[in-house]
1. Scanning segment 63-107 for residues that are closer than 30 Å to residue 18 by Cβ and modelled with pLDDT of 75 or more, which turns out surrounded by the most Cβ atoms within 10 Å (Cβ to Cβ)?
2. Applying the selection to segment 61-72, what residues are within 19 Å of residue 26 (Cβ to Cβ) and assigned to a loop (DSSP other than H, G, I, E, B)?
3. List the pairs whose first member sits in segment 17-37 and is touching a residue at least 24 places away in the same chain (Cβ under 8 Å), whose second member is in a helix (DSSP H, G or I), and whose Cβ atoms are under 6 Å apart, counting only residues at least 6 apart or on separate chains?
4. Quick check, is residue 51 more than 16 Å from the chain's Cα centre (by Cα) and without any contact (Cβ under 8 Å) to a residue 60 or more places away in the chain?
5. Go through segment 38-47 and give me each residue that's surrounded by 14 or more Cβ atoms within 10 Å (Cβ to Cβ) and part of a helix (DSSP H, G or I).
């Protein structure tokens with residue numbers, strides 16, 4: 001069985017994997033549902049190809065490159081040390097003093113989206 005040809009923005013791609021790179025290059029923060037609507041396939045197909053290529057979920061992607069995970073910095077309440085947090089983390093214990101490192105309310109709203 002040969003892969004289905006995909007048409008997007010005047011280009012013809014041999015498979016969804018080829019088209020996915022160009023779509024996410026143009027729109028790095030697009031969700032699987034949006035990309036599926038643009039390419040006229042199911043979101044499960046986009047998810048499968050995204051995992052094959054190694055592209056993270058849209059909530060974790062960097063806004064400049066779809067292949068990079070966004071990074072956030074938090075500050076310790078006690079020692080004012082800056083620590084890098086993972087994209088899904090909201091709170092972490094400081095390795096230096098043991099104090100709590102929390103995100104601001106604006107960043108917490110962005111994580112929940």
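The values are calculated or read from the model by the stated rules, or taken from the named source; none is laboratory data. Just so we're clear, the structure is a prediction, and the values are computed from it rather than from any experiment. Ideal geometry is used to build each Cβ from the backbone, glycine not excepted, and the neighbour counts take in all protein chains shown.
1. By that ranking, first place goes to 66.
2. Residues of segment 61-72 within 19 Å of residue 26 (Cβ to Cβ): 61-68, 70.
The answer is 62, 63, 64, 65, 66, 67, 68, 70.
3. Within 6 Å, the pairs are 17/49; 20/49; 32/43; 32/46; 32/47.
4. Values: more than 16 Å from the chain's Cα centre (by Cα): no; without any contact (Cβ under 8 Å) to a residue 60 or more places away in the chain: yes.
So residue 51 fails the test.
5. Here is the first cut: in segment 38-47, the residues surrounded by 14 or more Cβ atoms within 10 Å (Cβ to Cβ) are 38-39, 41, 43, 45-47.
Those that are surrounded by 14 or more Cβ atoms within 10 Å (Cβ to Cβ) and part of a helix (DSSP H, G or I): 38, 39, 43, 45, 46, 47.
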